[in-house]
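Take a look at the structure set out below.
The values are calculated or read from the model by the stated rules, or taken from the named source; none is laboratory data. Just so it is clear, the model here is predicted, and its values are computed rather than measured. Backbone-built Cβ (ideal geometry, glycine too); neighbour counts: all protein chains shown. Heads up: the accessible areas ignore ligands, DNA and RNA and are worked out on the full protein's heavy atoms, side chains in. Shrake-Rupley method; radii C 1.70, N 1.55, O 1.52, S 1.80 Å.
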Amino acid sequence: THFGFETVAEGLKASRVGAVFSSVASNYDTMNDLMSLGIHRLWKDHFVRSLDPGVRHPATNPPQGQRILDIAGGTGDIAFRMLDHSTNINHDRQTSVLVSDINPDMLGEGKKRFAASPYHGTGRVDFLEANAENLDKVADSSIDLYTVAFGIRNFTHKDKALREAYRVLKPGGVFACLEFTPQLANPVLNALYKRWSFGAIPLIGQIVAADRDSYQYLVESIERFPSQYEFASMIRDAGFLIPGRTDADSENLEGGWEDLSMGIAAIHKGVKP
Ligand code: SAM
């Protein structure tokens, strides 16, 4: 049946994603630098700065920080930046991050990095192996900031993950996503970019990691991700308010996101009312 087919296809998809990330886990960080020419670091820095994690002037005594949930947190790139920003910019040593990922191998790389970092033993970072579509280990309305960087395009049911984000966030809490976009607005740049991504990335994967197929999958998953407008609509449909958009704009979400590097990646945010 139609439904039977869909179930099989989705099941295959989830296991395929698992195999890809188990296979790339050990050289994931190096490959990220090679494939994006190091630019992913600038995007992540900008993403975290724009969220300004941490509480500068806590209203409570003892001071209370934020509880951040970094979904698809992988090797911990976003979590490290969150804690560094909170500590060094906002002088907040309470804010903590729960790093969650479906893949134990990616999470294992993150655990290794944190064990060798100044955050080890501070109680400011913990780990949860979970599918973003079902966060039943995370209580309702318990999270101040939910982040997902280069993760959501791999989720089988993105709408389910958005509903879970909404459930776990406190009212006033923020959903923030950094993700590639399927297409650049400028057609000439888009053609050049597609030649780079479809030509060079699987080749780099083959030469450096002896794994062409996984990197081919990663490129294809970017192509299948919704446009910025469609994704903003999905965030709104999950119940979030889109910053900068009033109720009157809710049928026109144009510009309700931030494009990075001519639109190769974008930041989307939503606030739980
Ligand atoms: N956020 C990290 C970063 O920016 O470097 C890692 C991004 S990596 C490209 C994507 C991550 O999404 C992988 O670690 C993968 O295991 C995870 N992932 C894929 N599907 C998932 C799901 N359904 N739930 C949670 N994590 C998932």
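A few notes on this one:
- Cross-chain or 6+ apart pairs with Cβ under 8 Å, region 213-235 first and free of Cβ contacts under 8 Å to residues at least 60 places away in the same chain, then hydroxyl-bearing (Ser, Thr, Tyr) and part of a helix (DSSP H, G or I): VAL219/SER197
- Boolean, SER227 is within 16 Å of the ligand (Cβ to nearest atom), of a type outside the set (A, V, I, L, M) and more than 30 Å from THR95 (Cβ to Cβ): no
- Residue check, ASP144 open to solvent by 20 Å² or more (accessible area, probe 1.4 Å) and part of a strand (DSSP E or B): yes
- Taken over region 222-270, the criterion of being in contact with a strand residue (DSSP E or B) (Cβ under 7 Å, 6 or more places away or on another chain), open to solvent by 40 Å² or more (accessible area, probe 1.4 Å) and among the hydrophobic types (A, V, I, L, M, F, W, C) is satisfied by LEU241, TRP257.
- Comparison of LEU203, LEU178, LEU184 shows that the only residue that is more than 16 Å from the ligand (Cβ to nearest atom) and surrounded by 15 or more Cβ atoms within 10 Å (Cβ to Cβ) is LEU184.
- The lone criterion from (1) modelled with pLDDT of 85 or more; (2) within 15 Å of the ligand (Cβ to nearest atom); (3) open to solvent by less than 70 Å² (accessible area, probe 1.4 Å); (4) not aliphatic (A, V, I, L, M) left unmet by GLY18 is number (1).
- Qualifying residue in region 178-193 (condition: assigned to a helix (DSSP H, G or I) and either within 17 Å of ALA130 (Cα to Cα) or in contact (Cβ under 8 Å) with a residue 40 or more places away in the chain (or both)): yes
- Lone qualifier among ALA149, ALA165, ALA161 - being more than 18 Å from ASP77 (Cα to Cα) and near the ligand (Cβ under 9 Å from one of its atoms): ALA161
- Single residue of region 241-273 satisfying the filter (more than 17 Å from the chain's Cα centre (by Cα) and of a type in the set (A, V, I, L, M, F, W, C)) that is nearest to ALA25 (Cα to Cα): MET262
- Total residues in region 206-219, condition over 16 Å from ASP29 (Cα atoms) and open to solvent by less than 70 Å² (accessible area, probe 1.4 Å): 3
- Residue list for region 158-175, restricted to those being open to solvent by less than 50 Å² (accessible area, probe 1.4 Å) and either free of Cβ contacts under 8 Å to residues at least 12 places away in the same chain or touching a helix residue (DSSP H, G or I) at 6+ places or on another chain (Cβ under 8 Å) (or both): LYS158, ALA161, LEU162, VAL174, PHE175
- Which listed residue, of LEU189, LEU241, is over 19 Å from HIS40 (Cβ atoms) and of a type outside the set (S, T, N, Q): LEU241
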